[in-house]
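The structure appears right after this line, and notes come after that.
The values are calculated or read from the model by the stated rules, or taken from the named source; none is laboratory data. Everything numeric here is computed off the predicted structure, so don't read it as measured data. As a convention, Cβ positions derive from the backbone with ideal geometry for all residues, glycine included, and neighbour counts pool all protein chains shown. We work out accessible area using only protein heavy atoms, side chains counted, and drop any ligands, DNA or RNA first. Shrake-Rupley method; radii C 1.70, N 1.55, O 1.52, S 1.80 Å.
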Amino acid sequence: MSAILVVRDLEKTFGSLVAARDITISVPAEQTVGVIGANGAGKTTFINMITGHLKPSKGSIWFEDREITGKPSREITRLGISRSFQVAQIFPSLTVFENICMAAAIARRAGGVWGNIASPVHSGAATAEAEATIELFQIGRYRDTAANTLPQGVRKLLDIGMAVVGWPRLLLLDEPTSGISIEEKFDLMNVVMSALKARKITVLFVEHDMEIVARFAERVLAFYDGTIIADGTPTETLDDPRVQELISGVRLKPTAARPGHA
Amino acid sequence: MGGRGQLAGGLMFLFAAAAAPLLPDWVVSLVTIAFANALVVLGLVVLWRAGLVSFGQALYYCIGAYAVSLTARWTGFTDAFALVLIGGVAAGLMAVLIGFLLARYREIFFAMLSLALSMILYGVLVKSESLGSTDGFSVATPTFLGYAPHRDALGLALYWLTLGVDAIGAVLVGVYFRSVAGALAAPIRDNEIRVEFLGVSVTSIIHIKVVVAGILGGLGGALAALAIGHVDPNMAYWTTSGGFVFVTILAGAGSVAAAFVGSLVFEAVRSFAFDVMPQLWQMTLGSVLLLTILFLPDGLGSLVARLKRRREAKS
Ligand SMILES: Nc1ncnc2c1ncn2[C@@H]1O[C@H](COP(=O)(O)OP(=O)(O)OP(=O)(O)O)[C@@H](O)[C@H]1O
Ligand SMILES: [Mg+2]
C-alpha cells in the first residue's frame, strides 16, 4: 500500500496549551478522509501543520516519502499539497476568472525569480486550466463576477477551485460547508467531491455535520483535546462510545431530515 | 491596457516625437522634464498597485542623476544613451540591496523607511565635499553616438531621447504588468496569506516591485539630470519624493498611460501657476490635487476608463 501522507507523533503547543499531541496516521493515495471533533479540538491546527502554516513542536510529516516537517507553506504547495480555508481566502477585488487564472498561472510558472517575471498570467495554458476548473466546479455563471459580491457557497467553491487548479495530489479542506445553509450543503459537497474524484485527489476534510461525514468519507478521524481518539470507517468511528460521548452531534444518528447541530 | 490602448499610446508618442520641431522651446523642455519624471511616477504606480507607497522614491531619482553626472565627470564619457543606462542600472542595484530590507515592511512602515533611506542619501551628499556638497555639480553636455548638438538642437535631442526611453519603459512595464510578478499586485493588497498558499513568496514579489520602481526612478533621474544640466542633493530631498507621490495620486494607478498624462498635467499646471501667481503656485497645485481626490478618486487616468464605459453603454 502506498501512503501519500504519513504523520508521526505530531505535537503542537502554544505556551502551556497543547493544541495537538501524539498524532500518528497514514493516509493511502486517493482516500477520502473525514475529520470530526468539537470546537477547539485541534483540527485546524493539524491542517496548519501539514500545510506549513504552523511549525510542529515535535514529530514528523512525510508526503510521498519526502519529509516536509516545518517547510514553509509555499514550498509545500509546490510539492503538491493544497488547502482551502475555514473562512474562504480569495482575492475579493478580482473576478472569479481572474482569481482562478492567477492561481493557475502561479502553479504553471517556471521556477525562481525569473519565472515570476517571465510567466504571463493569461497564457493559453493557464487560461484553459482556469476555464476547465470553473467548469469542474460549476461556477460558470459567476465567471466575471467580482469575488467580493459572491454568495457564500460560490466563495467556498472558488476557494477550493483555486486550490485544485494547480493539480495537487493531496487536498486539505477545512470545513468546506461552514457558513452554508443545510439545504445547500449536500449540493456543494456533491460538486466538490465529484470534482476531486475526477482528478484523483486524496482528500482530508474537516466537517461538523455527521450526515455529510457519513455520506462522503471513506474513513473518519475523530479529534478530541488535540489528539485522535478514533480512526476507522465512518460506521466504526461514529459508533465508537468515546466519540459518541465526547463529540456532540454524533449520537444523533444520520436521518434524512435532521435540524442543524450546534 | 488592451491592444487598442497600446496602439493609441504608440501613435501618441509618434505624434509627440514628430511635432517636436514645431513646438516652442519652453514646451519642449517642459515636456522633457515631465516625461523624465513620468518614469519615476510609473515606478510608484508599480508599488501602489500592491498597496505600497514610497515616500523616498527621490533616492533612486537622485542616484540616477548623480550616476550620470559623476560618470561624465570622472571618465569624460558623455554618450547620452550609455549615461541613461548607467543611471538606471545604478539605481536598480541600490534597489536590489534596499529591497532585502524594504520588502518585509508594509503600509506606513514601508513609506517611512523609504523616506528615511532617501534622507540618508541627502545627508551624505550634503556632507561630502567630493560629491559636490550642497551645490552639486553641473552635468557635461551629452553626445549622441558621436553627434554633439548644441542649444535648441540639444533640447530636441534630449526630448527625443526621453520619449524613446519612455516608450521602451512603457512597453516593458506593460509586459511586466501581465506577468505573474506584475499581476500579483491587487492579490497582495487583498490577501497575502492566499498568495503564499498558492506557492509564491510575497516578499520576493515585493522585492521585484521595489527593483522595477528603482530602475524606473533611476532612468527618470538620469534623463532629468541631462535635461536640467545640473544635479544637487535636493533631488533626494523628501519634498522631491512628495512631488512624485503627488503626481501618482493625480494620475491614478489604472494604466501605464496615466503616469505620463499625470506628469504632463502636473508640470503644465505648475509652470502656469508659477507664471501667473508666483506666490500662490503651491496653493494652486494643492487645489488641483484636492479636486482630483474629491471628484476623480482613481486619478486622471480613470477619465479614460469612464469615457470608455460611457461609449460601451451607448453602443
Ligand atoms: N495560533 C494560535 N495561538 C494560540 N492558540 C491557538 C492558535 N491556534 C489555535 N490555538 C488553540 O489551539 C486549540 C485548537 O484550535 P483549532 O483551531 O485547531 O481547533 P479546531 O478543531 O479547528 O476548532 P473549530 O472547530 O472551532 O475550527 C484551541 O484551543 C485554540 O484556541
Ligand atoms: Mg478549525
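Below are the figures for this structure:
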{"quantity": "Count - residues of the stretch B:181-204 that are crowded, with 24+ Cβ neighbours inside 10 Å, touching a residue at least 12 places away in the same chain (Cβ under 8 Å) and assigned to a helix (DSSP H, G or I)", "calculated": "1"}
{"quantity": "Among the residues listed as A:52, A:40, the single one being within 13 Å of ligand 1 (Cβ to nearest atom) and assigned to a loop (DSSP other than H, G, I, E, B)", "calculated": "A:40"}
{"quantity": "Qualifying positions in the stretch A:116-159 - within 12 Å of chain B (Cβ to nearest Cβ) and of a type in the set (A, V, I, L, M)", "calculated": "A:117, A:118, A:121, A:126, A:146, A:147, A:158"}
{"quantity": "Odd one out for residue A:57 among (1) within 16 Å of ligand 1 (Cβ to nearest atom); (2) over 29 Å from residue A:234 (Cα atoms); (3) more than 9 Å from chain B (Cβ to nearest Cβ); (4) buried (at least 18 other Cβ atoms within 10 Å of the Cβ)", "calculated": "(4)"}
{"quantity": "Criterion (closer than 27 Å to residue A:232 by Cα and either within 14 Å of another protein chain (Cβ to nearest Cβ) or within 14 Å of ligand 2 (Cβ to nearest atom) (or both)) met by exactly one of A:23, A:68", "calculated": "A:68"}
{"quantity": "Single residue of the stretch A:81-101 satisfying the filter (touching a Phe, Trp or Tyr at 6+ places or on another chain (Cβ under 7 Å) and away from ligand 1 (no atom under 16 Å from the Cβ)) that is farthest from the other protein chains (Cβ to nearest Cβ)", "calculated": "A:96"}
{"quantity": "Test set (1) within 16 Å of ligand 2 (Cβ to nearest atom); (2) in contact with a Pro (Cβ under 7 Å, 6 or more places away or on another chain) - residue A:81 fails condition number", "calculated": "(1)"}
{"quantity": "Selected residue [at pLDDT 95 or above and among the aliphatic types (A, V, I, L, M)] from B:27, B:31, B:40", "calculated": "B:40"}
{"quantity": "Residue in the stretch A:20-37 that is of a type in the set (A, V, I, L, M) and not in a strand (DSSP E or B) present", "calculated": "yes"}
{"quantity": "Residue satisfying all of: in the stretch A:197-211; crowded, with 22+ Cβ neighbours inside 10 Å and not in a loop (DSSP other than H, G, I, E, B); farthest from ligand 1 (Cβ to nearest atom) among these", "calculated": "A:202"}
{"quantity": "Test: residue in the stretch A:134-141 that is outside any helix (DSSP H, G or I), within 16 Å of ligand 1 (Cβ to nearest atom) and open to solvent by less than 50 Å² (accessible area, probe 1.4 Å)", "calculated": "no"}
{"quantity": "Answer from A:105, A:110 - the residue that is more than 16 Å from ligand 2 (Cβ to nearest atom), surrounded by 20 or more Cβ atoms within 10 Å (Cβ to Cβ) and within 12 Å of chain B (Cβ to nearest Cβ)", "calculated": "A:105"}
{"quantity": "Residue identified as open to solvent by 20 Å² or more (accessible area, probe 1.4 Å), not basic (Lys, Arg) and not in a loop (DSSP other than H, G, I, E, B) among B:260, B:244, B:272", "calculated": "B:272"}
{"quantity": "Single unsatisfied condition, residue B:117 versus (1) closer than 29 Å to residue B:203 by Cα; (2) open to solvent by less than 30 Å² (accessible area, probe 1.4 Å)", "calculated": "(2)"}
{"quantity": "Condition met for residue B:87 (over 17 Å from residue B:42 (Cβ atoms) and small (Gly, Ala, Ser))", "calculated": "no"}
{"quantity": "Residue selected from the stretch A:1-32 under the condition buried (at least 21 other Cβ atoms within 10 Å of the Cβ) and not small (Gly, Ala, Ser), by the criterion farthest from ligand 1 (Cβ to nearest atom)", "calculated": "A:5"}
{"quantity": "Hits in the stretch B:14-34 (condition: open to solvent by 20 Å² or more (accessible area, probe 1.4 Å), in contact with a Gly (Cβ under 9 Å, 6 or more places away or on another chain) and not charged (D, E, K, R))", "calculated": "B:17, B:29"}
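Quick grid of which residues meet (1) more than 14 Å from chain A (Cβ to nearest Cβ); (2) buried (at least 16 other Cβ atoms within 10 Å of the Cβ); (3) over 30 Å from residue B:18 (Cα atoms):
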site	(1), (2), (3)
B:112	yes, no, yes
B:122	yes, yes, yes
B:128	yes, no, yes
B:140	yes, yes, no
B:159	yes, yes, no
B:177	no, yes, no
